[in-house]
Amino acid sequence: MAILEKTNKAHGYAFTLIAVVIFATQDGFSKYLGERYSAILITMIRYWAFAAFVIVLASRRPGGIRAAASTRHAFLQMLRGVLLVTEIAVFVYGLAHTGLAITQAIFQASPLIVTVLSIPFLGERVGWRRWMAVVAGLFGVLLIINPTGGHFSVYLLLPLASALMFAIYGVATRAVSRKDPTFTSLFYTAVGGAVAISIIGPFYWTPIAVANWPFVAALCICGAVSHYCLIRAYDSLEASEVQPLTYLQLVVGAVIAVSFFGETLSWNMLLGSATVVGAGLFTMWREPRAQSKNRPATRSGVQP
């Protein structure tokens, strides 16, 4: 049994690392295409492939699509889909106007924002240690953006807005997960997002050059395979084991940014990224300990 558990965890870590590499590669394709076409168009095509992939998965599961679509939080599930597809469109637009490495670095602030939003929306308690980590992480974001520097661009606020939307999406996901299974949330993320962006996406349709279709196909394949790898990873690992590894996306993204887009990694970006990642890892480490302390209060009725 112990050997089997170790094997399953090894597979889970392998799937996580594969997903991280693919997500970073996907951002590279998004930047390349976003510089040439509308971010809404690119996101719509990507979501069509994502939704098709999830529908195929749902049809092969017990109960089929009807079971996957069964939810006790219909409005909140649809809102999650709209939030994520909007966040991705904003992120792609930001990639097209800023560097890949700096955009990914700023976006890593989303777990810290989740910590803050979990207080009013989920009734969670955040101790002074995690508050200090949040403040340090936001200072790291300011260091990356460098608003007083000569190279500051207003476009750097786009990945910050994207991180905020992703954080709200994350809080909503926590809320629906109390009654809905994980795959139901994935189903509404894909299908709800595809429906939402398909309402406005056709207005941004422009012909895609034949030479760029391989990049579009690669983007769609990356989206499907990365989500499949994450699903497999969560089959074997806890979220607390998966999330720290996702920060490796910064490293892979930086390699892609320097190698393929000729970007330069400035000292403030490196220091700010290290600060944000360190703060994020600390909040992840403290969260389960804080929850264990809060359980007695929850049982006594203090916390809903």
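The values are calculated or read from the model by the stated rules, or taken from the named source; none is laboratory data. These numbers were taken from a predicted model, which means no experiment stands behind them. A quick note on method: Cβ atoms are made from the backbone with ideal geometry, for glycine too, and the neighbour counts reach across all protein chains shown.
Here are some notes:
- Annotation: of all residues in the stretch 193-220 being touching a Ser or Thr at 6+ places or on another chain (Cβ under 9 Å) and not in a helix (DSSP H, G or I), the one that is farthest from Ala74 (Cα to Cα) is Thr206.
- Failed condition for Glu124, given (1) among the charged types (D, E, K, R); (2) under 15 Å from Met284 (Cβ atoms); (3) in a helix (DSSP H, G or I): (3)
- Residue match in the stretch 89-100 (condition: farther than 30 Å from Ile144 by Cα and either at pLDDT 90 or above or surrounded by 19 or more Cβ atoms within 10 Å (Cβ to Cβ) (or both)): no
- Only one of the listed residues (Leu186, Leu138) is assigned to a helix (DSSP H, G or I) and within 23 Å of Thr283 (Cβ to Cβ). That residue is Leu138.
- Within the stretch 220-240, the set of residues being among the hydroxyl-bearing types (Ser, Thr, Tyr) and surrounded by fewer than 19 Cβ atoms within 10 Å (Cβ to Cβ) comprises Tyr228, Tyr234, Ser240.
- For the stretch 101-121, a residue qualifies if it is modelled with pLDDT of 85 or more, among the hydrophobic types (A, V, I, L, M, F, W, C) and in a helix (DSSP H, G or I), and the qualifying residues are Ala101, Ile102, Ala105, Ile106, Phe107, Leu112, Ile113, Val114, Val116, Leu117.
- Some residue of the stretch 178-195 being among the hydroxyl-bearing types (Ser, Thr, Tyr), modelled with pLDDT under 90 and within 23 Å of Leu57 (Cα to Cα): yes
- Selection within the stretch 32-45 - assigned to a helix (DSSP H, G or I) and within 21 Å of Ser198 (Cα to Cα): Leu33, Gly34, Ala39, Ile40, Leu41, Ile42, Thr43, Met44, Ile45
- Candidates Gln243, Gln249 - the one that is surrounded by 15 or more Cβ atoms within 10 Å (Cβ to Cβ), under 23 Å from Ala89 (Cβ atoms), of a type outside the set (A, V, I, L, M, F, W, C) and in contact (Cβ under 8 Å) with a residue 40 or more places away in the chain: Gln249
- Pair list, Cβ < 6 Å and 6+ apart or interchain, from the stretch 203-214 residues that are under 12 Å from Tyr37 (Cα atoms) to residues that are surrounded by 10 or more Cβ atoms within 10 Å (Cβ to Cβ) and of a type outside the set (Phe, Trp, Tyr): Tyr204/Ser38; Tyr204/Ile40; Tyr204/Leu41
- Those residues of the stretch 39-88 which are surrounded by fewer than 18 Cβ atoms within 10 Å (Cβ to Cβ) and in contact with an Asp or Glu (Cβ under 8 Å, 6 or more places away or on another chain), in sequence order: Arg72
- The set of residues in the stretch 168-202 that are within 22 Å of Val114 (Cα to Cα), of a type in the set (Val, Ile, Thr) and either touching a strand residue (DSSP E or B) at 6+ places or on another chain (Cβ under 9 Å) or free of Cβ contacts under 8 Å to residues at least 40 places away in the same chain (or both) is empty.
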